[in-house]
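Below: the structure, in C-alpha cells.
Readers should treat all values here as calculations from the given coordinates under stated rules, not as data from a laboratory. Note that the structure is a prediction, hence the values are computed from the model and not measured. Cβ placement follows ideal geometry from the backbone for every residue including glycine, while neighbour counts extend to all protein chains displayed.
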Amino acid sequence: MLRVSKFTDYAVVVLSRLEAEGGVQTAPGLAAGTGIAEPTVAKVLKMLSQAGLVEGLRGARGGYRLLRPLASLGLSEVIVAVDGPIALTACVDGGFGLCEAEHTCPVRGRWDPVNAAIKGALSAIMVSEIASPPVIRRAHPVPVLVAE
C-alpha cells in the first residue's frame, strides 16, 4: 500500500493553519491551533524550512511564515520535503545498489513510467485543494415542498 507518512499529513495541517492565520506564527501557537504536539510541529516546521516552503524568523516577534500561497504549492513538494524523493521501488530513476536482485531483475526500469505518473499526479494537486474544507455536493436536488 502506498501511504504518506504521518509527518506529511501533519505538514499539510500546519501549512493550512499558517495560511489561515496569515503572517508569522510560532510553533507553540500552531500546536495549539492544530492539536498537534509542539515537538512534532517544531520538527515539521524545520523540515518545511529546510525545503524552502516556510521561512523561520528569529527574535521576539519570530516564528514561521509561508513563502508562497498553498494554491501554488504542489502536494509532491510537501511529500519530498518531509519524506524524501517519491520512489515506488529502490531502482526507480536509475537507483543502484539498493536492491539485491538489481542485476538479474526482469522488471528493472519498468516502474519508471508508473513512478512518473504518480509524481505528476501529486504535483498537479495543490496543497490548498486538500487543506480547505470539503465541498458537499448533492447528487440530486432536494425537492422543496410548498404548502398550498
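With charges only on Cβ, +1 for K and R and -1 for D and E, what is the dipole size of the stretch 6-131 about its Cα centre, in debye, rounded to 20? Present the calculation step by step, with values, prior to reporting the outcome.
On the way: 11 positive and 12 negative charges, 69 e Å.
Here the size comes out at about 340 debye.
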- Which listed residue (VAL107, PRO39, GLY59) has the Cα farthest towards the positive end of the charge dipole for the stretch 6-131, taking +1 on Lys and Arg C-beta and -1 on Asp and Glu C-beta about the Cα centre? GLY59
- Task: Sticking with the crude label model, points 7 Å out along Cα→Cβ, report the distance from ASP112 to LEU88 in nm, one decimal please.
- Result: 1.4
- Message: For the pair GLU129/ARG61, report the inter-label distance in nm, with labels modelled 7 Å from Cα in the Cβ direction.
- Response: 3.7
- Query: When the Karplus curve 6.51 cos²θ - 1.76 cosθ + 1.60 is applied with θ = phi - 60°, which whole-Hz ³J(HN,Hα) does each residue of the stretch 56-63 get, with x for Gly and Pro?
  - Reply: x, 10, 8, x, 4, 9, x, x
- Item | Neighbour-count order for ARG58, ARG68, fewest beta carbons within 10 angstrom listed first | ARG58, ARG68
